[in-house]
Amino acid sequence: MTVAFADLHVPGHPLILPNAWDHASAALLAQRYAAVGTTSLGVAAAYGLPDGVGAIDAQTLDLARRIVHLPCHITVDIEQGSVPLAIELSGLGIAGINVEDGGGTVEPLCARIAEIKSAVPSLFVNARTDTHWLGVDHGSTIDRLLAFVEAGADGVFVPGPVPAAMIETIVAEVPRPLNILYSPEGPTMGELAALGVARVSTGSALYRAALQAALALVAKISDSQAPEVLDYARIQSLAEGENMAE
């Protein structure tokens, strides 16, 4: 990896960040993408735990240990930002983390961002506000992002239904790379690039799509249809560290 993770965030040429939930999904994605993130929902659901409540720190750390060696940059979703977890992830060689405010007051997350950056300055901190995701006070979005920047955030993230005009305003007013969550109902990749977005994440969409595909496959099997699936050897090779061609 000759290009630093931070340098992959280029406004107008967004980094496509697919989000994995286990070793196999991360290893498969690492064969094609310069960086792979984790999805807290996927990790939580895989362990039968709730998302967004700080219940998966141990599972997140275990996953990071399993995938940090992959031939790509790894960034990890740590929900509302456990400082000890962030420091331990940085020690493993993880390139970045994603932290979120959960729609609550901004001060606690700002304090955690500042503490994390003080302890591990090289760790790329992507700070997320859930104003659009949760449908709370959209008027506070810019103020929240600017507070994150002042606390030391390296990037900002606004998931949810964000209008193009709002994206343009954020890019103009917030001096950090903007991360948007891809949505089929939202702007296209070309439109996001034209707006100056620097990173586009898939979030939990790949995990949810995988579960939906599993249901569809079972339905095909029950109807005696011949489904197309990745073969056993391909999946086994991921655990063996091989990079087989498509």
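Roughly how many Å is it from the Cα centre of segment 12-59 to that of segment 110-169, as a whole number?
After rounding, the separation between the Cα centres reads 19 Å.
Can you give the helix-only mean residue ellipticity at 222 nm for the chain, where every DSSP H stretch with n ≥ 4 adds -39500 (n - 2.57) and the sum goes over all residues, rounded to the nearest 500 deg cm²/dmol?
Numbers: 11 runs with 107 residues, N = 246.
After summing the helix terms and dividing by the residues of the chain, the value is -12500 deg cm²/dmol.
Label-point separation (nm) for HIS69 and ALA55, each offset 7 Å from Cα along Cα-to-Cβ?
With each label point 7 Å from Cα toward Cβ, the separation is 3.1 nm.
To the nearest 20 debye, what is the magnitude of the charge dipole of the chain about its Cα centre, counting +1 on the Cβ of each Lys and Arg and -1 on the Cβ of each Asp and Glu? Before the final figure, lay out the partial values.
Values: 12 positive and 27 negative charges, 61 e Å.
Using Cβ point charges on Lys, Arg, Asp and Glu, the chain gives about 300 debye.
For segment 17-42, list residues with backbone N below 20 Å from a point placed 7 Å from the Cα of GLU228 toward its Cβ?
Label zone hits: 28-29, 32.
To the nearest 0.05, what FRET efficiency results for SER122 and TYR33 with a Förster distance of 25 Å applied to their C-beta separation?
0.70
How would LYS117, LYS220 line up from fewest to most surrounding beta-carbon atoms within 10 angstrom?
Numbers: LYS117 18, LYS220 13.
Fewest-to-most ranking of LYS117, LYS220: LYS220, LYS117.
Using Cβ contacts closer than 10 Å as the measure, can you line up HIS73, HIS132 from fewest to most?
Details: HIS73 25, HIS132 19.
Ascending Cβ contact count within 10 Å gives the list HIS132, HIS73.
Which of ILE221, ILE78, ILE94 moves the most in a Gaussian network model of the chain with Cα springs under 10 Å?
Maximum fluctuation in the GNM of the chain, among the listed residues, is at ILE221.
Tell me whether segment 97-235 comes out rounded, prolate or oblate; compute the Cα gyration tensor, take square roots of the eigenvalues as a ≥ b ≥ c, and use a/c under 1.5 as the rounded threshold.
prolate
Tell me, what is the FRET efficiency for GLU150 and ALA216 to the nearest 0.05, using R0 = 45 angstrom and their Cβ-Cβ distance as r?
On the way: r = 47 Å, r/R0 = 1.04.
Given R0 = 45 Å and the Cβ-Cβ separation, E is 0.45.
Enumerate the calculated ³J(HN,Hα) couplings along segment 63-77 in order (Karplus 6.51 cos²θ - 1.76 cosθ + 1.60, θ = phi - 60°), each rounded to whole Hz, writing x wherever the residue is Gly or Pro.
4, 4, 4, 7, 10, 5, 7, 5, x, 7, 6, 10, 10, 10, 7
Among PRO71, PRO50, PRO184, whose mean-square fluctuation peaks in a Gaussian network model of the chain (Cα, cutoff 10 Å)?
Highest fluctuation of the listed residues: PRO184.
Which three extents, in whole angstrom, do the alpha-carbon atoms of the chain cover along their principal axes, largest first?
Extents along the principal axes, in whole Å: 56, 38, 36.
What base-10 log of the normalised intensity I(q)/I(0) is obtained for segment 1-119 from the Debye formula, alpha carbons as equal point scatterers, at q = 0.10 Å⁻¹?
-0.29
Stokes-Einstein D for segment 166-231 at 25 °C, 0.890 mPa s, Kirkwood Rh over Cα pairs, in µm²/s?
On the way: Rh = 14.6 Å.
So the translational diffusion coefficient is about 168 µm²/s.
Would you pull out the residues with amide H under 5 Å of LEU181's amide H, same chain only if 5 or more places away, H placed 1.01 Å from N?
VAL158, GLY160, SER201
Please turn the phi angles of segment 195-209 into ³J(HN,Hα) values with the Karplus equation 6.51 cos²θ - 1.76 cosθ + 1.60 (θ = phi - 60°), one per residue in order, whole Hz, x for glycine and proline.
With coefficients 6.51, -1.76 and 1.60, one gets 7, x, 5, 10, 7, 10, 9, 8, x, 8, 4, 5, 4, 5, 5 Hz.
We did not get these values from a lab; they are worked out from the coordinates using the rules stated. Only a predicted model underlies this, so the values are computations on that prediction, with no experimental measurement involved. So basically every Cβ, Gly included, is an ideal-geometry build from the backbone, and we count neighbours across all protein chains shown.
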